[in-house]
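Each value in this text was obtained by applying a stated rule to the coordinates, not by laboratory testing. No experiment lies behind these values; they were computed from the predicted model shown. Cβ placement follows ideal geometry from the backbone for every residue including glycine, while neighbour counts extend to all protein chains displayed.
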Amino acid sequence: MSSLRIPRPRPALTSKRRIEPLVWLAFSAGGVTAALFMPVLAFLFALAFPLGWIDPPDHDHLAAVVGHPVTFLVLFGMFVLMLVHAAHRFRYTLYDGLQVKHQGLVAVLCYGAAAAGAFAAFHLLGGAT
Amino acid sequence: MSRAVDDLTYRRPVSIWWWTRKRSYFVFVMRELSSIFIAWLVLYLLLFVRAVGQGRTAYDDFLDAAASPWLVAINVVAFAFVLLHTATWFLLTPQAMVVRLRGRRVPGLVIIGSQYVGLAVVSAFIAWLVLR
């Protein structure tokens, strides 16, 4: 009979369940942001300007745009959401695609990388404004 | 330990190359791998912004470096993955959420179409902001 005792949920497990919906929300927000903003940003800044398909904007103009506080806020918010999105999706790619077994470690590494990226974004964007 | 005793179902081990056997599996894994390239482009754009903040010379140097064959190759691949992400994300939205307008369910095609309108508006705004 004693073997029928219902195990108490472990604290780590319950707190994880409370966080999980928030992570999914950030994943979705980052996914929408990436879907809407990344095509034009990648096309202009990673291809068209470096390769001269379109004349790159004047430095003074770009510096004024980047230096604006609203640009800082918008870019920081977008970059953090997209990093969380990427971390969350990559985490499940490792679980399902590569069948990585160390799930706790994978989660810590993925979200840790996103957090490090958010920290770097704050400093790099802050330094440019 | 208790799990090994309770769960006696046999599971056939799955190869880690399972996704190469079918086109739809392959597209699924490619879609998931777009995350790496989204993260890369965020990093790239951050470095771009930093170069702009450092001044005219740093900006010109960054544009020169970004035209090097390796970076162009990476960014072409990254751009293709971004397009895959956008297309698949828009396609999945009607399945992930139900939109109702005056009590009527909005058809999936309308949701997908309006997202492309949103993409066009966002792209036009950013191009205008950067190029004016």
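Over all directions, the average projected area of the alpha-carbon convex hull for region B:39-132 comes to how many nm²?
8.1 nm²
Given Cβ point charges of +1 (Lys, Arg) and -1 (Asp, Glu) and nothing else, what value in debye, to the nearest 20, does the dipole of the protein assembly as shown about its Cα centre take? Intermediate results must be reported in sequence, preceding the final value.
Working: 23 positive and 11 negative charges, 362 e Å.
Here the protein assembly as shown has a charge dipole of around 1740 debye.
With each pseudo-label sitting 7 Å past Cα toward Cβ, what's the B:Ala127-B:Val76 distance in nm, one decimal?
Each label point is offset 7 Å from its Cα along the Cβ direction, giving 2.2 nm.
Using Cβ contacts closer than 10 Å as the measure, can you line up B:Asp64, A:Asp96 from fewest to most? Working shown, then result.
Working: B:Asp64 10, A:Asp96 15.
Arranged by neighbour count, lowest to highest, B:Asp64, A:Asp96 become B:Asp64, A:Asp96.
Provide, as a two-decimal number, the C-alpha radius of gyration of chain A over 2.2 N^0.38 Å, N being how many residues it has. Before the final figure, lay out each step's value.
Numbers: Rg = 20.3 Å, N = 129, 2.2 N^0.38 = 13.9 Å.
Normalised Cα radius of gyration, chain A: 1.45.
Place +1 on the Cβ of every Lys and Arg and -1 on the Cβ of every Asp and Glu in region B:1-86, take the dipole about the Cα centre, and give the residue among B:Ala65, B:Trp17, B:His85 whose Cα lies farthest towards its positive end.
B:Trp17
Only four residue types carry charge here, +1 at the Cβ of Lys and Arg and -1 at the Cβ of Asp and Glu. Report the dipole size of chain B about the Cα centre in Debye, rounded to the nearest 20. Before the final figure, lay out each step's value.
Working: 14 positive and 6 negative charges, 162 e Å.
Value, rounded to 20: 780 debye.
Determine the shape class of the protein assembly as shown: with a ≥ b ≥ c the square roots of the Cα gyration tensor eigenvalues, call it rounded for a/c under 1.5, and otherwise prolate if a/b is greater than b/c, oblate otherwise. List each step's numbers first, then the result.
Working: a/c = 1.96, a/b = 1.74, b/c = 1.13.
Prolate shape, in that a/c is at least 1.5 and a/b is the bigger ratio.
Any idea what % of Cα-Cα pairs in region B:1-78 are farther than 15 Å? Don't skip to the end; give the middle numbers.
Numbers: 2179 of 3003 pairs.
For region B:1-78, the fraction of Cα-Cα distances above 15 Å is 73 percent.
7 Å from Cα along Cα→Cβ at both A:Glu20 and B:Gln54: what's the point-to-point distance in nm?
Between A:Glu20 and B:Gln54, the label points sit 4.4 nm apart.
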